[in-house]
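Student: Sharing a structure here in structure tokens format.
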Amino acid sequence: MTPLLQAFPPALSLTVAKGNTATGIFNLQKSSTQQSTYSISANQAWTTLNPPYGSTQTITTEIDPITVSVNTSTMNVGSYTGVVYIVESGPNGSQTLRIPVSLSVLASGSTTPPPPSPTGSATSPPPPPSGTSTGTVTVMWNANTEADLQGYRVYVGTRSGARTQTFDVGNVTSTRLTLPLGSTYFFVVTAYDKSGNESSPSGELSKSLF
């Protein structure tokens, strides 16, 4: 049976220089308007979760962000893999959602400069059918040309300068985001390289979803 809860992005890939803290966010969205509860856990000790490990949350039609943080000060350089588990209890019974997490800890002291900011544009599709509580926005940007480019992050807020959600979208040049209706959203894009350096934000874009 398919869980009502879905995660986007469906997996997290984090890269950071040793001694720094890596942070990624995935969002939970439910395909039903009936309330569900879910509990959060992980199978590895190196992740810190917010809301915290073992907590129980409720969700109806809103989008719930889950922050995964890793303090690499006591970790060795190398690659790590883990899983965050979301156990949902709702109209479809009890279901488990698995969100893979991969981490690359790089040698500290890198002097690689951050890649330049991408330029971007945001487009929105036709309005969703009446009664739908979410809409979608496609954010697009120009590709960076640095050889050590690792990927891009899209930051979203409901006012200019606010960055309340982060989407690590990998090495692509567009992404489609699902967001609640009823707000004007502001977007910036950054690029990051294999050493964990992140560029300054692109110019801010905005789109309204009503």
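The values are calculated or read from the model by the stated rules, or taken from the named source; none is laboratory data. What you see is a predicted model; the values in this text were computed from it and never measured. Every residue, glycine among them, receives a Cβ derived from its backbone with ideal geometry; neighbour counts consider all protein chains shown.
Student: Being buried (at least 17 other Cβ atoms within 10 Å of the Cβ), free of Cβ contacts under 8 Å to residues at least 60 places away in the same chain and not assigned by TED's automatic domain parsing to the domain that holds N50 narrows it down to one of Y152, Y192, so name that one. Step through it out loud before you land on a result.
Tutor: Numbers: Y192 fails: free of Cβ contacts under 8 Å to residues at least 60 places away in the same chain.
Just one listed residue meets the conditions, Y152.
Student: Here's a follow-up. Can you spot a residue in the range 113-124 that is hydrophobic (A, V, I, L, M, F, W, C) and at pLDDT below 80?
Tutor: Initial filter on the range 113-124 (hydrophobic (A, V, I, L, M, F, W, C)): 122.
Pick out the ones that are also at pLDDT below 80 and you get 122.
Yes, the conditions are met somewhere in the range 113-124.
Student: Against the conditions (1) hydroxyl-bearing (S, T, Y); (2) modelled with pLDDT of 90 or more; (3) assigned to a loop (DSSP other than H, G, I, E, B), where does S73 fall short? Just the number, please.
Tutor: Result: S73 passes all but (2).
Student: Further question: What is the residue count in the range 40-64 for residues that are crowded, with 16+ Cβ neighbours inside 10 Å and assigned to a strand (DSSP E or B)?
Tutor: Counting residues in the range 40-64 that are crowded, with 16+ Cβ neighbours inside 10 Å and assigned to a strand (DSSP E or B) gives 5.
Student: Could you list, in sequence order, the residues of the range 65-74 that are crowded, with 16+ Cβ neighbours inside 10 Å and within 18 Å of K194 (Cα to Cα)?
Tutor: Answer for the range 65-74, where residues must be crowded, with 16+ Cβ neighbours inside 10 Å and within 18 Å of K194 (Cα to Cα): V70, T72.
Student: Let me ask another. Just need a number here: residues in the range 22-38 that are surrounded by fewer than 16 Cβ atoms within 10 Å (Cβ to Cβ), hydroxyl-bearing (S, T, Y) and modelled with pLDDT of 85 or more.
Tutor: 1
Student: Pull up the range 134-149, narrow it to residues that are in contact with a Gly (Cβ under 9 Å, 6 or more places away or on another chain) and in contact (Cβ under 8 Å) with a residue 40 or more places away in the chain, then point me to the one that is surrounded by the fewest Cβ atoms within 10 Å (Cβ to Cβ).
Tutor: My answer is W141.
Student: Then there's this: Might you check whether a residue that is out of contact with any Asp or Glu (no Cβ under 6 Å at 6 or more places or on another chain), at pLDDT 85 or above, of a type outside the set (D, E, K, R) and assigned to a strand (DSSP E or B) occurs anywhere in the range 188-203?
Tutor: yes
Student: Could you go through the range 81-91 and let me know if any residue there is within 30 Å of T145 (Cα to Cα), modelled with pLDDT of 90 or more and in a strand (DSSP E or B). Don't jump to the end; show me each part of the working.
Tutor: Looking only at the range 81-91, we keep the residues that are within 30 Å of T145 (Cα to Cα), and these are 81.
So of that shortlist, the ones also modelled with pLDDT of 90 or more come out as 81.
Now drop any that are not in a strand (DSSP E or B), which leaves 81.
The answer is yes; a qualifying residue exists.
Student: For the range 87-104, which residues satisfy the criterion of being surrounded by 14 or more Cβ atoms within 10 Å (Cβ to Cβ), β-branched (V, I, T) and either over 15 Å from Q44 (Cβ atoms) or touching a Gly at 6+ places or on another chain (Cβ under 6 Å) (or both)?
Tutor: Once the filter is applied, which keeps residues that are surrounded by 14 or more Cβ atoms within 10 Å (Cβ to Cβ), β-branched (V, I, T) and either over 15 Å from Q44 (Cβ atoms) or touching a Gly at 6+ places or on another chain (Cβ under 6 Å) (or both), the range 87-104 yields V87, V101.
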